[in-house]
């Protein structure tokens, strides 16, 4: 469980990263934290990659159908242009952003902004995904969430692709992916 730091002497920024496999609750946790920030009357802006239109063109939507309005953007540099007077920034599906995302988030945190980033830490092959390894290195706080393996019921931290396709990025849900534990992921069946 993430505990927000008690800041004395003014506003200080930091980076929180929520990571894990598909179906582990990353977006749900991101939405929960952002809604709490809004309850605290903080100025919150929420972003997602423009390519992610699975559930909604603009809103961020969890698998539990929790939703929060967001702004789709093409690249991480857009965050710097849209961060005026913002106290908290939420970013979903961070693995789909460009490699500059960690540096942009670092700049935002240095300006006193709380940056909350959610994304897959590994792709369907079990390799580090997009800018997430560097995001984890830059993070002040990390929350790794786990799903339940659909093969054996153990804790899952891999996103297994059920059908063979070449591209690393292939948007899909339960029809293409399922959470698996380490052992079941390695079986590839």
Exactly one condition in (1) surrounded by fewer than 16 Cβ atoms within 10 Å (Cβ to Cβ); (2) touching a residue at least 12 places away in the same chain (Cβ under 8 Å); (3) on the phi < 0 side of the Ramachandran plot is false for residue 151; which is it? (1)
I'd like to check something: does segment 100-123 contain any residue that is under 16 Å from the mean Cα position of the chain (by Cα), at pLDDT below 95 and farther than 15 Å from residue 30 by Cα? yes
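So that you can scan it fast, the table gives a plain yes or no per residue for (1) at pLDDT below 95; (2) within 30 Å of residue 13 (Cα to Cα); (3) in contact with a helix residue (DSSP H, G or I) (Cβ under 8 Å, 6 or more places away or on another chain); (4) surrounded by 14 or more Cβ atoms within 10 Å (Cβ to Cβ):
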{"residue": "132", "(1), (2), (3), (4)": "no, yes, yes, yes"}
{"residue": "138", "(1), (2), (3), (4)": "no, yes, yes, yes"}
{"residue": "142", "(1), (2), (3), (4)": "no, yes, yes, yes"}
{"residue": "147", "(1), (2), (3), (4)": "no, yes, no, yes"}
{"residue": "162", "(1), (2), (3), (4)": "yes, no, no, no"}
{"residue": "170", "(1), (2), (3), (4)": "yes, no, no, no"}
{"residue": "178", "(1), (2), (3), (4)": "yes, no, no, yes"}
Given the conditions (1) closer than 14 Å to residue 16 by Cα; (2) modelled with pLDDT under 95, every one holds for residue 85 apart from (1)
Output the qualifying pairs, or none if there are none: Cβ atoms under 7 angstrom, residues six or more apart or on different chains, first residue in segment 103-118 and at positive phi and surrounded by fewer than 21 Cβ atoms within 10 Å (Cβ to Cβ), second residue modelled with pLDDT of 95 or more and not in a helix (DSSP H, G or I). 112/13
Let me spell it out: the conditions are (1) modelled with pLDDT of 95 or more; (2) not in a loop (DSSP other than H, G, I, E, B), and residue 152 meets all of them except one. Which number is the exception? (2)
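The values are calculated or read from the model by the stated rules, or taken from the named source; none is laboratory data. All values reported here derive from a predicted model rather than from experimental measurement. FYI the Cβ positions are ideal-geometry reconstructions off the backbone, even for glycines, and counts take in every protein chain you see.
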